[in-house]
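Here is the structure we will look at, set down as structure tokens.
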């Protein structure tokens, strides 16, 4: 099965991106510091999130291929929460965070947006994403409805626009491990959503 790259628009619509083969092998190992520098250059070159994601997601694939140690920087899922986060990079006043996230089998996240662009690469396990779009009404300004699903397999990447709304579910009998890269979060606009009561709260 060929690794697939996916793009999720602000309205939750998913489209495949043409498969990006890895660039020619570099003379040096593609290390995290070099990756961060190249991402910073991309962010400086354009303020269009879709353009940024299109340029960044091949670098994520290259980083995981060349720096395998990143895939093992994980913590077992918290037995109470059912998930864990290992922060790999988070520097004050630098608009990037890099982390690995582990979900216990069968765990499902809240429905949420990220209020920033993001790239997620599935390292191991299998993860189902359900996507939602806003359908506000006078009575329910935070009403949402489901618009599709996508199951990610190891090697797949998914790039999310800031207002994309989704929830994830870890499928199978093994924990799901992802490598996650996010921009600067606007916490005044990051929400978790309740699709039954049609409400939302800051997340």
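The values are calculated or read from the model by the stated rules, or taken from the named source; none is laboratory data. What you are looking at is a predicted structure, and each value in this text was computed from that prediction instead of being measured. Because the Cβ atoms are built from the backbone with ideal geometry, glycine has one as well, and the counts that use them run over all protein chains shown.
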Next item on the list: Evaluate segment 183-199: report whether one residue or more is crowded, with 21+ Cβ neighbours inside 10 Å and under 20 Å from residue 40 (Cα atoms).
Entry: yes
Notebook entry, point to check: Which one of these is under 17 Å from the mean Cα position of the chain (by Cα) and surrounded by 20 or more Cβ atoms within 10 Å (Cβ to Cβ): 130, 100, 108?
Noted result: 100
Note to self: Looking at (1) surrounded by fewer than 18 Cβ atoms within 10 Å (Cβ to Cβ); (2) in contact with a helix residue (DSSP H, G or I) (Cβ under 9 Å, 6 or more places away or on another chain); (3) at pLDDT 90 or above, which one does residue 35 not meet, given that it meets all the others?
What the structure shows: (1)
Notebook entry, point to check: Does segment 94-103 contain at least one residue that is within 25 Å of residue 129 (Cβ to Cβ), in contact with a helix residue (DSSP H, G or I) (Cβ under 9 Å, 6 or more places away or on another chain) and assigned to a loop (DSSP other than H, G, I, E, B)?
Noted result: yes
Notebook entry, point to check: How many of the residues making up segment 167-186 are over 27 Å from residue 35 (Cα atoms) and not in a loop (DSSP other than H, G, I, E, B)?
Noted result: 4
Notebook entry, point to check: Listed residues 86, 37, 100, 29; which is closer than 17 Å to residue 177 by Cα and without any contact (Cβ under 8 Å) to a residue 40 or more places away in the chain?
Noted result: 86
Next item on the list: Out of 53, 64, 43, report the one residue that is closer than 23 Å to residue 151 by Cβ, part of a helix (DSSP H, G or I) and modelled with pLDDT of 95 or more.
Entry: 53
Next item on the list: Please work out if residue 88 is modelled with pLDDT under 95 and not in a strand (DSSP E or B).
Entry: no
Margin query: Go through (1) in contact with a strand residue (DSSP E or B) (Cβ under 6 Å, 6 or more places away or on another chain); (2) at positive phi for residue 126 and report which single condition fails.
Written below: (2)
